[in-house]
Protein chains: 2
Amino acid sequence: MKKKHKKKIIEAKKNLKNLGKKLVDDIKGRRNPSLIVPIRALSNVVFDPKTRLITLGNRASKRYFFNVAHVRKFVQTVEVAATAKELLDVNKHLSLREVFYRIKRTIPHTNINIVDEQKESNKAIEDLELITDCSREQLHVNANKMGSVAGNVVIKDKGDTVNWSKLGSGGWSIPSNVEEIEFKKVDADFIIYMEKAAEWERLHEDKVWKKLNCLIMSSQGQATRGVRRMLQRLHIEHKLPVYVLVDLDPWGIYIYSVLRFGSISLAHISERLAIPDARFLGLTPYDIEEFDLKRHLIKFKDVDIKRLNDLTKYEWFKNKKEWQEFFKKMKELKGKVELAALSSKGISFISDTYIPEKIKKKEWLK
Amino acid sequence: MKKKHKKKIIEAKKNLKNLGKKLVDDIKGRRNPSLIVPIRALSNVVFDPKTRLITLGNRASKRYFFNVAHVRKFVQTVEVAATAKELLDVNKHLSLREVFYRIKRTIPHTNINIVDEQKESNKAIEDLELITDCSREQLHVNANKMGSVAGNVVIKDKGDTVNWSKLGSGGWSIPSNVEEIEFKKVDADFIIYMEKAAEWERLHEDKVWKKLNCLIMSSQGQATRGVRRMLQRLHIEHKLPVYVLVDLDPWGIYIYSVLRFGSISLAHISERLAIPDARFLGLTPYDIEEFDLKRHLIKFKDVDIKRLNDLTKYEWFKNKKEWQEFFKKMKELKGKVELAALSSKGISFISDTYIPEKIKKKEWLK
């Protein structure tokens with residue numbers, strides 16, 4: 001991986017240089033400097049049934065410097081490219097917010113700022129990911145940091161050897177950027193990813209990762225890019241199946257959907273983040289009956305029902321009988337149930353019974 | 001600490017048993033079973049200038065079982081006491097949410113639930129903290145898990161020896177409950193606590209903890225109880241000064257205020273969480289001038305101005321000339337500035353210049 005990562009850095013630098021060279025050539029050749037940028041609008045987002053990923057279609061647009069409608073975005077893209085180049089040269093990283101401040105300044109003799117809002121620099125970075133075919137992380141721009149992991153894995157990271165099985169009650173804090181991590185030893189049969197840090201502490205205290213020889217990983221709410229990449233890398237490089245544990249509500253299902261198929265807003269990067277074989281472990285509407293959890297139903301609000309209807313129509317769920325049945329049952333329940341409700345069956349019911357039996361009986365959805 | 005922690009467990013169990021015994025005695029003596037509960041309403045919250053803590057006053061109320069106005073809260077308090085006893089007996093922990101589900105059930109032959117909302121069990125747990133004089137953590141009920149730490153510290157936790165200086169780019173993930181952690185070696189001169197995980201990654205990548213021989217710690221937004229206890233324990237047990245680094249906005253100042261003096265809603269537990277000597281490192285209105293950050297001002301919204309006015313009137317800031325001057329300057333700026341804006345001065349400006357110079361020149365507020 002170390003070599004692989006160095007290759008990635010070299011690739012990123014090369015692609016950034018090529019971009020610069022192309023623009024200089026345009027100028028020298030007295031052409032209007034231009035960039036070809038794949039279109040990231042909804043109209044160019046497709047679900048590819050073969051890869052089972054939400055990806056971008058083939059449409060692209062040309063962005064010119066000498067064009068009043070293009071110049072702002074053109075300059076922003078070149079600015080973030082210069083910042084990425086600077087970061088790679090000094091081998092440092094910046095957060096999205098920091099990049100925004102780094103490039104924000106007033107163009108001399110005008111009252112025009114290169115960027116006024118972070119939204120603009122974010123979009124420029126996303127465009128740059130496409131133009132250079134390098135992920136934001138490869139370009140040394142980090143997203144959010146959140147989440148913990150524990151299990152029988154030894155990694156090497158920034159010169160330190162870290163054993164995820166020997167980190168007390170806290171576990172390893174997952175960085176925003178996991179590209180440089182080398183997996184030295186991976187002794188686990190699968191990964192359980194859960195939506196909430198409180199569930200992670202439950203499973204960790206109950207030593208689930210030890211008993212089931214697995215890894216446990218969580219962030220809070222929607223999984224960060226760092227967490228998604230970590231899951232994907234372990235899944236691809238070490239063939240670990242990924243099980244997802246979320247609340248039975250449309251938001252929980254959406255978290256699973258994004259982990260598995262990618263998202264519309266990050267469609268251009270699905271390949272580097274999504275796990276089309278991720279398994280849905282729970283909660284399911286069938287659990288509610290089996291474990292008598294109906295009394296813990298929290299009534300849907302209108303916004304939940306709308307979200308559920310959206311899910312039902314997603315292309316990647318539309319033709320799946322199992323999922324349509326699942327959604328139908330959810331609608332009949334008229335409410336959501338949280339994972340934490342399993343504690344009504346016993347402090348460690350989720351760890352000692354729910355998870356091991358589900359996995360043993362292969363009771364997961366896909 | 002190990003012994004100290006065992007003593008705490010024994011103390012918690014004893015206090016819970018005494019509570020139960022008292023109620024049984026009431027019943028045997030044919031008295032109306034009752035609990036004495038200190039009043040946690042705003043009317044009984046005071047700022048103690050001697051301890052410099054927001055604490056509860058002396059007023060308490062008596063809660064009776066045979067009293068239609070009291071019985072619901074009475075039963076809820078006894079229920080969470082029973083759950084805490086169960087947790088201590090099996091040496092496990094539950095989150096607040098899990099405790100809610102654990103005690104939620106319908107009283108036989110009625111349609112009355114012991115609790116309908118988590119708010120009720122939360123309040124019962126807070127009351128129990130006061131009745132037993134044990135913190136929620138001592139009673140094995142955990143709050144949120146969030147945050148990371150790095151630096152020259154070796155701890156022992158759950159049988160593992162964890163070296164905070166050898167954990168790669170991620171750092172140690174701070175658990176929700178830090179009561180059982182033993183500090184084996186603490187080689188640091190102070191702690192820098194920051195509001196945002198992105199700043200933590202900045203400082204970590206720049207090796208600030210190594211260069212300045214300190215610890216760096218963050219959560220995200222308002223500090224969790226786990227983070228606050230960790231800071232307090234290191235501050236008290238190892239005499240480490242705590243520096244706080246937040247955005248220059250009323251919410252950042254409020255985070256500092258809570259870390260230092262405690263909060264109104266958790267006034268009953270300030271002694272176990274607050275750090276009256278915590279130092280405010282930045283951002284300050286003076287930084288905005290000195291480092292020419294005015295162009296990064298984000299205009300206050302009405303809600304920010306209201307919050308700022310509230311801060312100004314807080315008893316613990318009211319008579320402090322330095323803070324009143326600080327707030328006045330903030331009002332003049334009419335906007336907030338984020339820590340991330342320092343990256344406009346250089347990728348590692350915050351790490352290489354801002355923090356070390358501030359600490360060297362003792363430029364902090366108290």
Candidates A:GLY170, A:GLY151, filtered to the one that is without any contact (Cβ under 8 Å) to a residue 24 or more places away in the chain, surrounded by 23 or more Cβ atoms within 10 Å (Cβ to Cβ) and among the small types (Gly, Ala, Ser)
A:GLY170
For B:ASP133, are the conditions met, namely being of a type in the set (Asp, Glu) and either touching a strand residue (DSSP E or B) at 6+ places or on another chain (Cβ under 6 Å) or modelled with pLDDT of 95 or more (or both)?
no
Scan of segment B:183-203 for residues that are within 10 Å of chain A (Cβ to nearest Cβ) and more than 20 Å from B:LEU342 (Cβ to Cβ), ordered by number:
none
When residues of segment A:11-52 are filtered for being hydrophobic (A, V, I, L, M, F, W, C) and surrounded by 14 or more Cβ atoms within 10 Å (Cβ to Cβ), how many remain?
10
Failed item in (1) closer than 19 Å to B:LYS3 by Cα; (2) acidic (Asp, Glu); (3) more than 12 Å from chain A (Cβ to nearest Cβ), with B:GLU179 passing the rest:
(3)
For segment A:328-347, which residues satisfy the criterion of being part of a loop (DSSP other than H, G, I, E, B), facing chain B (nearest Cβ under 10 Å) and either at positive phi or not aliphatic (A, V, I, L, M) (or both)?
A:GLU338, A:GLY346
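Here's the yes/no breakdown for (1) more than 20 Å from A:GLU363 (Cα to Cα); (2) free of Cβ contacts under 8 Å to residues at least 60 places away in the same chain; (3) charged (D, E, K, R):
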| position | (1), (2), (3) |
| --- | --- |
| A:LYS299 | yes, yes, yes |
| A:ILE305 | yes, yes, no |
| A:LEU311 | yes, no, no |
| A:TRP316 | yes, no, no |
| A:LYS320 | no, yes, yes |
| A:GLU325 | no, yes, yes |
| A:LYS334 | yes, yes, yes |
| A:GLU338 | no, no, yes |
Do we find a residue being of a type outside the set (Asp, Glu), assigned to a helix (DSSP H, G or I), more than 12 Å from every other protein chain (Cβ to nearest Cβ) and in contact (Cβ under 8 Å) with a residue 60 or more places away in the chain anywhere in segment B:204-216?
yes
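For every residue, the table says whether it meets (1) within 17 Å of the chain's Cα centre (by Cα); (2) among the hydrophobic types (A, V, I, L, M, F, W, C); (3) modelled with pLDDT under 95.
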| residue | (1), (2), (3) |
| --- | --- |
| A:GLU182 | no, no, no |
| A:ASP187 | no, no, no |
| A:ILE192 | yes, yes, no |
| A:GLU195 | yes, no, yes |
| A:GLU201 | no, no, no |
| A:HIS204 | no, no, no |
| A:LYS210 | no, no, no |
| A:MET217 | yes, yes, no |
| A:GLN220 | yes, no, yes |
Working only within segment B:59-103, note down all residues that are surrounded by fewer than 19 Cβ atoms within 10 Å (Cβ to Cβ), within 30 Å of B:HIS5 (Cβ to Cβ) and more than 14 Å from chain A (Cβ to nearest Cβ).
B:ALA60
Filtering segment A:144-181 down to residues that are in a strand (DSSP E or B) and among the aliphatic types (A, V, I, L, M) yields A:VAL149, A:ALA150, A:VAL153, A:VAL154, A:ILE155, A:VAL162
Residue check, B:VAL115 against (1) more than 18 Å from B:ASN144 (Cα to Cα); (2) more than 8 Å from chain A (Cβ to nearest Cβ); (3) surrounded by fewer than 22 Cβ atoms within 10 Å (Cβ to Cβ), all met but one. Which one?
(3)
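The values are calculated or read from the model by the stated rules, or taken from the named source; none is laboratory data. Computed from a predicted model, the values in this text were never measured in an experiment. Quick reminder, even Gly has a Cβ in these numbers, built from the backbone with ideal geometry, and neighbours come from all protein chains shown.
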